[in-house]
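Q: First, the structure itself, so that you have it in front of you.
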Amino acid sequence: MEIERKYLIKKLPENLTSFEHHLIEQGYLCTEPVVRIRRQDDDYILTYKSKGLMVREEYNLPLTQDAYVHLKEKVDGLLISKTRYILPLDPPLKIELDVFHEDYEGLLLAEVEFPDEKTANSFTPPEWFGEDVTFSSKYHNSTLSQKK
């Protein structure tokens, strides 16, 4: 089960490049339910996500590079490209800050994953976070892949 909140970002934190980060490319084979392929650095993953906004099921399966390349040709919509920065919060929480490239250059989104709904509902975001878009499917990557 995945429990996360999502925010637009007003301003990037200083020294962003000093944090752990990953180059991500992902596309969607299906958006209802979500079936996604992702390349994160040199790892390849197939993901299934159920419907939902703050809480939803998620399953990840490893892919080979060849399988990823084969499935990439079958992506429905845009291939999304972004750099994900991992910023620490109070353990066990962390911020996954996505800086989008190409079709969504300039879009900045942060996600925080939680161990339970109570923690998610009581979360106070850092002041550099902008609007809470957790309950808007507009900012799901699967939705973004269908636009532009």
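The values are calculated or read from the model by the stated rules, or taken from the named source; none is laboratory data. This is a predicted model, so every value here is computed, not measured. Neighbour counts run over all protein chains shown; Cβ positions are idealised from the backbone, glycine included. Side chains included, ligands, DNA and RNA excluded: accessible areas come from the protein's heavy atoms. Shrake-Rupley method; radii C 1.70, N 1.55, O 1.52, S 1.80 Å.
Conditions (1) more than 19 Å from I95 (Cβ to Cβ); (2) hydroxyl-bearing (S, T, Y); (3) exposed (fewer than 13 other Cβ atoms within 10 Å of the Cβ); (4) in contact (Cβ under 8 Å) with a residue 24 or more places away in the chain, marked per residue:
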| site | (1), (2), (3), (4) |
| --- | --- |
| C30 | yes, no, yes, yes |
| V35 | yes, no, no, no |
| L61 | yes, no, yes, no |
| L79 | yes, no, no, yes |
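Q: If a residue has to be among the charged types (D, E, K, R), surrounded by fewer than 12 Cβ atoms within 10 Å (Cβ to Cβ) and within 23 Å of I24 (Cα to Cα) to count, how many in the range 83-139 make the cut? First the steps, then the outcome.
A: Keep residues of the range 83-139 that are among the charged types (D, E, K, R), which gives 84, 90, 94, 96, 98, 102-103, 105, 111, 113, 116-118, 127, 131-132, 138.
If we keep only those that are surrounded by fewer than 12 Cβ atoms within 10 Å (Cβ to Cβ) as well, we get 90, 105, 116, 118, 127, 138.
If we keep only those that are within 23 Å of I24 (Cα to Cα) as well, we get 105, 138.
The total comes to 2.
Q: Touching a residue at least 12 places away in the same chain (Cβ under 8 Å) and touching a helix residue (DSSP H, G or I) at 6+ places or on another chain (Cβ under 6 Å): is that true of T143 in this structure?
A: On the way: touching a residue at least 12 places away in the same chain (Cβ under 8 Å): yes; touching a helix residue (DSSP H, G or I) at 6+ places or on another chain (Cβ under 6 Å): yes.
In short, yes.
Q: Answer with yes or no whether D103 is acidic (D, E), within 30 Å of K11 (Cα to Cα) and in contact with a Pro (Cβ under 8 Å, 6 or more places away or on another chain). Show your work before the answer.
A: Numbers: acidic (D, E): yes; within 30 Å of K11 (Cα to Cα): yes; in contact with a Pro (Cβ under 8 Å, 6 or more places away or on another chain): no.
Here the answer is no, as D103 does not meet what is asked.
Q: Would you pick out the residues in the range 1-31 that are within 24 Å of T124 (Cα to Cα), in a strand (DSSP E or B) and not aromatic (F, W, Y)?
A: E2, I3, E4, R5, K6, L8, I9, E20, H21
Q: Any residue in the range 117-138 that's within 21 Å of P88 (Cβ to Cβ) and of a type outside the set (S, T, Y): show its pairings with residues that are in a loop (DSSP other than H, G, I, E, B) and open to solvent by 50 Å² or more (accessible area, probe 1.4 Å) at Cβ separation under 7 Å, as long as the two are six or more apart or on different chains.
A: W128/K10; W128/K11; G130/K10
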